[in-house]
Amino acid sequence: MTSGSYDFTGYQVLVVGGTRGEGHAVASAFAQSGASVTVTGTMMLRSLYDTDLSAFDYESVNLARQQSIDQLAAGIDHLDVLVLAAGCTLPYGLPPSEQSFVAGAARSGLLGPMFLTTRLRLKLSHSPALGGGCVVNTGAVRSWLELSSTPEEAEAELLASTARAGEQWAGLGVRVNSVVHSPRSVLPRQYAPTATYSGSRVSGDTLVRSRSRVADAVTDATLFLASSAASRITGQTLRLS
């Protein structure tokens, strides 16, 4: 991880879905680089998580509810970096009709991470950071689009929406980029490196990339896109293999 290469002192960072996995790794790296970090989760209290969230402020939000998104956005006074790392987690037993509504609303930007981004757009535009405010979508955003499309279609839509937002929001001083990675590779044992291969683990007759290695790659790419080194980059998607 290259968090030590960046100085985000004075930055206000919001990591949506920062309570676990890639989101938590990204939030931790920003905090280690001097930023003030807020993470969001779906539980009411941070104490309900097994993950150590003591380094962050915490806000509860349900991205499938406009009112919840509005409440989160209203409580934010200043924002420099918004990282969207929350996958789609609809309530268990949600009626098909309501799930269909959520799927359509998420695709049209009326719910989910896209709606939150729009609600925070003007606050991001006030960021004094070089290059302006910054939005970074991670691959988790695809799960919202997959509610009503195939994984391939969802990724294509994420790339297209990133390019559109990057162009349309440039005049406001807001950069929008994405970081996506391929699914964890699963290889026949006879074609895989030995069990001591760095960054991987052997599982049965397959070799799969470790989650920590993927999280580190996503974290490094996210910090780069939020840094002054990427102040002229917008509308782009970084693909990690």
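The values are calculated or read from the model by the stated rules, or taken from the named source; none is laboratory data. Given the structure is predicted, the values throughout are model-derived calculations rather than measurements. Cβ placement follows ideal geometry from the backbone for every residue including glycine, while neighbour counts extend to all protein chains displayed. Areas reflect the complete protein model, heavy atoms only, side chains present, ligands, DNA and RNA absent. Shrake-Rupley method; radii C 1.70, N 1.55, O 1.52, S 1.80 Å.
Observations on the structure shown:
- Filter result for the condition that a residue is aliphatic (A, V, I, L, M), over 15 Å from the mean Cα position of the chain (by Cα), farther than 26 Å from Q67 by Cβ and at pLDDT 90 or above, over A163, A195: A163
- Scan of region 56-73 for residues that are closer than 18 Å to G112 by Cβ and open to solvent by 70 Å² or more (accessible area, probe 1.4 Å), ordered by number: E59, R65, Q66, Q67, Q71
- Checking every residue in region 121-135 against the condition of being of a type in the set (S, T, Y) and modelled with pLDDT of 90 or more gives at least one match.
- Among the residues making up region 41-55, those that are of a type in the set (S, T, Y) and surrounded by 10 or more Cβ atoms within 10 Å (Cβ to Cβ) are T42, Y49, T51.
- Candidates T206, T234 - the one that is open to solvent by less than 50 Å² (accessible area, probe 1.4 Å) and modelled with pLDDT of 95 or more: T234
- Candidate set: region 177-187, residues that are out of contact with any Cys (no Cβ under 8 Å at 6 or more places or on another chain) and open to solvent by less than 60 Å² (accessible area, probe 1.4 Å); chosen: the one modelled with the lowest pLDDT: S185
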